[in-house]
Amino acid sequence: MDYLESLNEPQREGVVNTEGPTMLIAGAGSGKTRVLTYRIAYLIQHKGVDPFNILSLTFTNKAAKEMRNRVESVVGTDARNLWMGTFHSVFARILRSEAPHIGYPSNFTIYDAEDSKSLVKTIVKELGLDEKVYKANVVFNRISGAKNRLVSWREYNNNPIYLADDESNMKPELGKIYRIYSERCFKAGAMDFDDLLFQTNILFKEHTDILNKYQQRFQYVMVDEFQDTNISQYLITKRLAAVRQNICVVGDDAQSIYAFRGADIQNILNFEKDYPDLRVIKLEQNYRSTKTIVNAANSVIVKNKAQLKKNVWTDNVDGNLIEVLKANSDNEEGKLIASSIFEEKMQHQLKNKEVAILYRTNSQSRAIEEALRRMNIKYKIVGGLSFYARKEIKDLMAYMRFALNTNDEQSFRRIINYPKRGIGGSSIDKIIVAANEHSIELWEVLANISSFLPGRAANAISDFVTMIKRFQVEISSKDAYEAANEIAKRSGLLKDLYEDKTVEGLNRYENVQELLNAVKEFVDDPEKEDKSLGSFLQEVALLTGMDNEKDDEDDHVTMMTIHMAKGLEFKNVYIVGLEEDLFPSQMMLSSRADLEEERRLFYVAITRAESKLFFSYALSRYRFGRLKNCEPSRFIEEVDPAFLKVNERARVSASANDYTKNFVSGMKKTLASKPVNPKSNYKPSADFEPSDTTHLESGMKVEHPKFGYGTVAEIDNSGSNHKAKVNFDDFGEKTLLLSFAKLKIHPN
């Protein structure tokens, strides 16, 4: 077992101590994936545990695949028998086998967020409620939050606190919508993403024989990124590990940043209360970042009160100070960042893909995108519209889903009149109403449509039913690709897109072909035992945000929100928009808990950087259509100043293009034309240009673009930020940071 020799002492301890409850507190960059990988390998090789008896839960399929590949490189193909994947994929797999015990079909449909919100809109419309008050997004988030807390619609409607809260928010019908939404999902044989966990909890709670079966199967349970679990996820894992208590959780409370989607930091903070015999192992050595970056991150996170104490450290080099870029506007901030990246590339042969630009909100990307385009720097925005969220893709997949589950109302609504069959909205509503009023399944109404709907529409629906029956035969007798190809052709969807010769139409047609390529790739994968269309659709439904991002070889700068960046690392990182009310967000200042979550988000951003880190902020920014004056974020002040280098000047490479030169020239003109104190008679020199202040001495005459002429009184070279006291003729004594100030030295 040579791999044990490559581990430090705490890592080794985390690998070989396999029995009983264990918590690995893993600081950023501490090699937790390696520890988890080797722990699984150790269980198989040294303890003789069958891979079928190991459950390893992650938060992205990408992470699970990476870990499985690493285990396979150590133990061989046995690793393929591991129960390893995301919470949702593992428990969807269990539900496929056990769903009939709780009244769902085994081929239940999995609704994504768009499907769920579409159903909410339909219910709001049917109830005659104001769609502006009962916004689908708001209602769905309320339902999702309830499910994550394991509150059913019955409990919700019997809880006076929830009802009073809805009343005070002018949404008294939320409980009713929750009830109808749940009933409609059940009738449609569909589960939304939250149901995959919610219904698993119900399954294990109400059917102890099934719970016992999986308790016996999973002798060892491991949970990665434990700080991101919600109550529902925690209770499932706790139940599964209750017999043997061989549960190992790995996480970092300092990186708990998903409270907005239900994550509960108390799961990791209070884990020891549920397991008094808990072994706690701290992975504190950072292998990723420089000492400067590690120590700067420590100086920030120490200010949080709710945390598990640890001391993250590194043997890496000291590295560069963190450079703080100050800009007058968001557009100028974009230009400063683009110029900085250009210079880093020229001076250090840096590749675009080694650079990340992180922001608090997606809306901040515009100004930076424009600046990067002007400097011909390739970039990619992570977290935009995913491939599987595109209309044409969802249309074809809706055909597949409906053929598999003919009670799926959302898929039915999407495809019944696309391509057009002359079936209007009123006919569709009548079909849904008939199914609800007669308490029969949607497919039964469709199969006997002449009894419910007269005329041409009934004939069109009869043809539709015949087509779906043909698809069902294809699905039952052919693999996923053959069935999907047949559905794409016979539905008329492929023909409809092919006939649209616009640029957009051609793109949509190519996207559908790419979907069929994905199905073929799925079928050709030797590791996939189940080649059915149902299996493919489940895999797609369970993709996470990061899984949807395709890896490619293109050399581009990565732009994303900090939430999307978790788990990633880059050589150079720019954290932009560090302004009060933006980061920390104005919406996260109402409580200490919220502010501490924002601080953890800042900590995550800092610790993505390996070699160089840049902060930037603007003094003014357009927000919600209005120009707003901004002040630097409190988070900049929370970083120990010993690790900062303030620089408000543009960093310009001599080999930069004309755009960069024009930008610098524009800055000079701006500085030269800035209004000054009305009491001052100072006018900037026509040839004003900041001098190199490296050798500035007391007694020298200097000029500042705002304060005018003055004499250097004192130089302070102690510490990392060199300062100068200057007596200005019109403004008196000022202390200036030399890396920050713009001073022109004049001969005495």
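If I ask for residues that are in a loop (DSSP other than H, G, I, E, B) and among the charged types (D, E, K, R), which ones from the stretch 326-377 would you list?
Let us first name the residues in the stretch 326-377 that are in a loop (DSSP other than H, G, I, E, B), namely 328-329, 349-351, 360-361, 375-377.
Passing the criteria: Lys351, Arg360.
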Residues that are farther than 20 Å from Lys571 by Cβ, in contact with an Asp or Glu (Cβ under 7 Å, 6 or more places away or on another chain) and surrounded by fewer than 17 Cβ atoms within 10 Å (Cβ to Cβ), drawn from the stretch 291-303: Ser299, Lys303
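Condition test on Lys674, is it open to solvent by 80 Å² or more (accessible area, probe 1.4 Å), over 44 Å from the mean Cα position of the chain (by Cα) and modelled with pLDDT under 50?
Values: open to solvent by 80 Å² or more (accessible area, probe 1.4 Å): yes; over 44 Å from the mean Cα position of the chain (by Cα): no; modelled with pLDDT under 50: yes.
Spelling it out, it is not the case that Lys674 is open to solvent by 80 Å² or more (accessible area, probe 1.4 Å), over 44 Å from the mean Cα position of the chain (by Cα) and modelled with pLDDT under 50.
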Residue within the stretch 24-47 that is closer than 25 Å to Gln199 by Cβ, of a type outside the set (A, V, I, L, M, F, W, C) and more than 29 Å from the chain's Cα centre (by Cα) present: no
Selected residue (only one of Ser620, Ser590 is farther than 18 Å from Ser329 by Cα, among the hydroxyl-bearing types (Ser, Thr, Tyr) and open to solvent by 10 Å² or more (accessible area, probe 1.4 Å)): Ser590
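Kindly establish whether Tyr220 is open to solvent by less than 40 Å² (accessible area, probe 1.4 Å) and touching a Ser or Thr at 6+ places or on another chain (Cβ under 8 Å).
On the way: open to solvent by less than 40 Å² (accessible area, probe 1.4 Å): yes; touching a Ser or Thr at 6+ places or on another chain (Cβ under 8 Å): yes.
Criteria met by Tyr220.
Mind listing whichever residues of the stretch 566-595 are of a type in the set (Asp, Glu) and either at pLDDT below 90 or not in a loop (DSSP other than H, G, I, E, B) (or both)?
Glu579, Asp581, Asp594
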Members of the stretch 172-205 that are farther than 25 Å from Gln233 by Cβ and among the basic types (Lys, Arg): Lys176, Arg184, Lys187
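Residue-by-condition table, conditions (1) on the phi < 0 side of the Ramachandran plot; (2) free of Cβ contacts under 8 Å to residues at least 60 places away in the same chain; (3) among the charged types (D, E, K, R); (4) surrounded by 24 or more Cβ atoms within 10 Å (Cβ to Cβ):
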residue	(1), (2), (3), (4)
Gly334	yes, yes, no, yes
Glu354	yes, no, yes, no
Arg366	yes, yes, yes, no
Glu369	yes, no, yes, no
Inter-residue pairs, beta-carbon under 8 Å, first on the phi < 0 side of the Ramachandran plot and of a type outside the set (Lys, Arg) and in the stretch 117-128, second assigned to a helix (DSSP H, G or I) and open to solvent by 60 Å² or more (accessible area, probe 1.4 Å), 6+ apart: Ser118/Arg413; Thr122/Arg413; Leu127/Lys176
Some residue of the stretch 448-456 being more than 30 Å from Ser329 (Cβ to Cβ) and at pLDDT 90 or above: yes
Given (1) among the acidic types (Asp, Glu); (2) farther than 26 Å from Tyr258 by Cβ; (3) crowded, with 21+ Cβ neighbours inside 10 Å, index of the condition Asp209 fails: (3)
Count of residues meeting criterion [closer than 19 Å to Met467 by Cβ and β-branched (Val, Ile, Thr)] in the stretch 435-457: 2
Residue in the stretch 268-282 that is open to solvent by less than 30 Å² (accessible area, probe 1.4 Å), closer than 28 Å to Ser616 by Cα and either among the acidic types (Asp, Glu) or touching a residue at least 40 places away in the same chain (Cβ under 8 Å) (or both) present: no
Qualifying positions in the stretch 116-171 - open to solvent by less than 60 Å² (accessible area, probe 1.4 Å), within 26 Å of Tyr234 (Cβ to Cβ) and more than 31 Å from the chain's Cα centre (by Cα): Asn157, Asn159
Residue list for the stretch 228-249, filter: within 24 Å of Leu595 (Cα to Cα) and open to solvent by less than 20 Å² (accessible area, probe 1.4 Å): Asp228, Thr229, Asn230
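If you take the residues of the stretch 172-204 that are among the basic types (Lys, Arg) and modelled with pLDDT under 95, which of them is surrounded by the fewest Cβ atoms within 10 Å (Cβ to Cβ)? Spell out the reasoning first.
As a first pass, look at the stretch 172-204 and keep what is among the basic types (Lys, Arg): 176, 179, 184, 187.
With the extra rule that they be modelled with pLDDT under 95, the set shrinks to 184, 187.
Numbers: Arg184: 18, Lys187: 16.
Taking the candidates together, the pick is Lys187.
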Segments classed as helices (runs of 4 or more DSSP H), wholly inside the stretch 1-115, with at least 1 members that are open to solvent by 10 Å² or more (accessible area, probe 1.4 Å) and touching a Gly at 6+ places or on another chain (Cβ under 7 Å): 61-75
Complete set of residues in the stretch 623-643 that are in a loop (DSSP other than H, G, I, E, B) and either open to solvent by 20 Å² or more (accessible area, probe 1.4 Å) or small (Gly, Ala, Ser) (or both): Phe624, Gly625, Cys630, Glu631, Ser633, Asp640
From Asn511, Asn517, residue being open to solvent by less than 70 Å² (accessible area, probe 1.4 Å) and of a type in the set (S, T, N, Q): Asn511
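The values are calculated or read from the model by the stated rules, or taken from the named source; none is laboratory data. Since the structure is predicted, the reported quantities are computational estimates derived from the model, not experimental observations. For neighbour counting, all protein chains shown are included, and Cβ atoms are generated from backbone atoms with ideal geometry for every residue, glycine included. Only protein heavy atoms, including side chains, enter the accessible area calculation; ligands, DNA and RNA are left aside. Shrake-Rupley method; radii C 1.70, N 1.55, O 1.52, S 1.80 Å.
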